[in-house]
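The values are calculated or read from the model by the stated rules, or taken from the named source; none is laboratory data. This one's a predicted model, so the numbers in the text were calculated from it and none came from an experiment. Quick reminder, even Gly has a Cβ in these numbers, built from the backbone with ideal geometry, and neighbours come from all protein chains shown. Quick note on the areas: whole protein, heavy atoms, side chains included, nothing else; ligands and nucleic acids left out. Shrake-Rupley method; radii C 1.70, N 1.55, O 1.52, S 1.80 Å.
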Amino acid sequence: MTFAMTSRLGLAAIDRLPVSVRRPGYDRGRLSPGILHLGVGAFHRCHQAEYTDDALEADFGPWGIIGVNLRAPDLEPTLGAQRGLYCRELRHHGDVGRRLIGALVETISVAEESRDPQRASLRRALDAAASPSIGVVTMTVTEKGYCHIPATGELDLDHPDIRHDIAYPETPVSVPGFVLRALAMRLAAGRPLPALISCDNVPDNGSTLRRSVLGLAQKIDPALRDLVEREACFVNTMVDRIVPATRPEDVSGFAAATGVEDLGLVVGEPFRMWVLEDRFGGPLPAWDRAGAMFVKDVAPYEILKMRVVNGIQSNLCQLGVLSGNDFMADVMAEDVFSDFALHTISREVVPHLPAVPGIDVSTYVAETISRLKNPALKHRTQQISTDGSQKIKQRLLEPLRAALKANTPCDGLLIGIAGWMKYAGGIDGAGRVLEVLDPFAERTKAIAAASGGDAARLVDGMLSIESIFGTDLAQNGFVKDRLATLVVDLGMRPSREVVRDFLASQAG
Ligand code: CS2
């Protein structure tokens with residue numbers, strides 16, 4: 001079908017969407033905000049917001065979402081201009097399912113101090129978070145948003161944003177600073193505190209947020225710290241759905257298919273999962289009616305997901321970059337890499353997973369491999385490699401530690417870790433410069449440059465970054481030697497050849 005004119009998504013354009021696009025099954029005009037979400041990225045829009053639309057359809061209530069971005073991108077030109085409306089597109093091979101999501105009712109973008117010297121946008125966001133109508137504060141702010149030290153999970157008091165927030169607690173720039181300020185405002189006004197629900201791939205995400213908020217409060221006002229510790233409820237969760245960054249081609253493809261331009265479009269896979277710790281006493285949206293699970297202990301689900309789904313992604317994404325593959329599905333389309341993923345997870349990771357109620361691990365692993373092969377998802381290996389310093393502990397290093405402790409095989413994991421080291425050094429085997437987007441990029445690139453091509457020095461340098469690796473691995477001679485050999489190998493030939501030889505050595 002072709003359309004004479006494309007209109008921009010917004011209230012007026014809803015009726016122009018083809019009937020095949022599913023609409024909210026509730027009266028959006030009656031929806032008032034009850035959730036404040038920090039970090040309105042693609043993942044939130046395709047995961048929690050969709051669960052919330054399902055919950056509103058099952059049991060309507062005051063659970064609209066106010067979406068806040070504490071930093072770029074500015075939401076105004078995209079979602080703001082569309083009154084919060086956007087579509088999500090689920091793709092599985094050739095199948096496409098489009099749905100208009102209605103839960104996002106307002107957006108607030110906090111502008112930098114240089115652009116907003118009066119901090120009016122920040123005040124608006126804080127007032128919204130402190131408002132009595134908000135019963136839930138959720139967040140997807142990426143791993144580094146928690147300002148913690150990856151190796152220990154403790155607040156990084158040297159983090160520039162944390163130093164800022166200790167000096168200026170009323171105009172915070174960090175996520176823990178924002179949450180603390182909002183809680184302080186509510187406590188001062190005698191209002192009940194909202195549930196604080198973290199939806200990032202951070203180990204013990206709710207507890208990590210709690211440690212960061214309490215650690216910061218301790219520096220600002222110990223009495224406030226005690227109050228927050230007593231009153232606030234931080235909820236751990238496990239979240240899962242693959243949602244790559246939206247590309248211009250996705251937006252133009254949507255416009256061509258529907259006649260409507262949607263600059264808030266998100267594209268994901270059909271699979272989704274959400275497990276929340278059941279510990280908040282107050283009201284919540286009917287997310288359980290939408291399939292979210294409320295359990296006593298999230299940890300086994302979280303460990304399973306981070307070591308299997310994210311583990312495969314992080315084991316292969318740098319190897320993918322090093323082998324010239326732009327997208328994860330292209331990596332997984334090469335038998336050598338998908339066999340390697342299955343081999344590593346089954347032999348090295350699965351034996352050390354905790355039992356997870358209701359989940360058969362081998363079915364879960366097979367399903368994960370097939371999800372990662374979905375060619376309709378254009379998930380960049382570069383995107384997954386971004387911020388690897390914040391990801392590898394829970395995805396690769398903890399499984400490695402478990403295998404070392406049990407004295408079981410771990411070479412597949414070591415190949416992934418060597419891949420990260422090679423990548424983080426910023427130059428591939430052919431001498432091409434790689435774009436390393438990571439808070440530790442300057443440091444890892446400097447380590448690689450100072451190693452002068454000596455792999456053992458490079459490995460020593462990387463392992464000495466205690467905030468990522470702790471202290472144990474730098475003292476393990478086997479790990480160091482193996483990594484050095486692999487780094488040399490990955491520097492000399494394409495990663496697929498290194499992986500192929502490894503698999504051949506395992507055969508029989
Ligand atoms: C990915 C995740 O970019 C990344 O870090 O590994 O976003 C991943 O796709 C999701 O966690 C899947 O649930």
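Using a Förster distance of 51 Å, how high is the FRET efficiency between Val19 and Cys233, based on the Cβ-Cβ distance and rounded to 0.05?
That gives a FRET efficiency of 0.75.
Percent of Cα pairs in region 7-295 per distance bin of 5 Å, from zero to the largest separation: 1, 6, 12, 17, 19, 17, 13, 8, 5, 2, 1, 0. Between helix 411-424 and the chain there is an angle of about 70 degrees, using the helix long axis and the longest principal axis of the Cα atoms. Solvent-accessible area of region 7-295 (1.4 angstrom probe, protein heavy atoms only): carbon and sulfur portion equals 51 percent.
Only loop residues by DSSP count here, and only those with at most 15 other Cβ atoms within 10 Å; note down the trypsin sites (Lys or Arg not before Pro) in region 261-297 that meet that.
Details: sites: Arg272, Arg279, Arg289, Lys296; in loops: Arg272, Arg279, Lys296.
Qualifying residues, ordered by number: Arg279, Lys296.
With all protein chains in place and a 1.4 Å probe, the accessible surface of region 374-508 carries 52 percent carbon and sulfur. Between Ala72 and Ser505, the simple label model (points 7 Å from Cα in the Cβ direction) yields a spacing of 4.4 nm. Relative to the longest principal axis of the Cα atoms of the chain, the long axis of helix 477-492 makes an angle of roughly 90 degrees. Here the 3J(HN,Hα) profile of region 272-283, calculated from phi with Karplus coefficients 6.51, -1.76 and 1.60 at θ = phi - 60°, is 8, 8, 8, 10, 10, 6, 8, 9, 8, x, x, x Hz, Gly and Pro shown as x. Note on Glu57 and Asp454: the model spin-label points, each 7 Å out from Cα along the C-beta direction, lie 6.2 nm apart. For the chain, the solvent-accessible area of protein heavy atoms averages 40 Å² per residue (probe radius 1.4 Å; ligands and nucleic acids excluded).
Treating r as the C-beta distance of Ala355 and Asp221 and R0 as 56 Å, the FRET efficiency rounds to 0.85. Scanning residues 5 or more positions from Cys233 or on other chains, those with amide H under 5 Å from its amide H are Leu196, with H placed 1.01 Å from N in the peptide plane. Dipole magnitude for region 299-507: about 160 debye, using +1 per Lys or Arg Cβ and -1 per Asp or Glu Cβ, origin at the Cα centre.
Of Pro192, Leu414, Thr171, which is farthest on the positive side of the dipole of the chain, counting Cα position, with +1 on Lys and Arg Cβ, -1 on Asp and Glu Cβ, and the Cα centre as origin? It is Pro192, whose Cα lies furthest towards the positive end. For the pair Arg124 and Ser362, a Förster radius of 51 Å applied to the C-beta separation gives a FRET efficiency near 0.55, rounded to the nearest 0.05.
Do the alpha carbons of any pairs in Lys373/Lys422; Lys219/Lys393; Lys305/Lys405 sit beyond 23 Å of each other, and which pairs? With Cα atoms farther than 23 Å apart: Lys373/Lys422; Lys219/Lys393. Assuming charge only on the beta carbon of Lys and Arg (+1) and of Asp and Glu (-1), the dipole of the chain about its Cα centre is about 460 debye to the nearest 20.
From the Cα gyration tensor of region 412-508, with a ≥ b ≥ c the square roots of its eigenvalues, which class applies: rounded if a/c is under 1.5, or else prolate if a/b is larger than b/c, or else oblate?
Numbers: a/c = 1.92, a/b = 1.25, b/c = 1.53.
Verdict is oblate for region 412-508.
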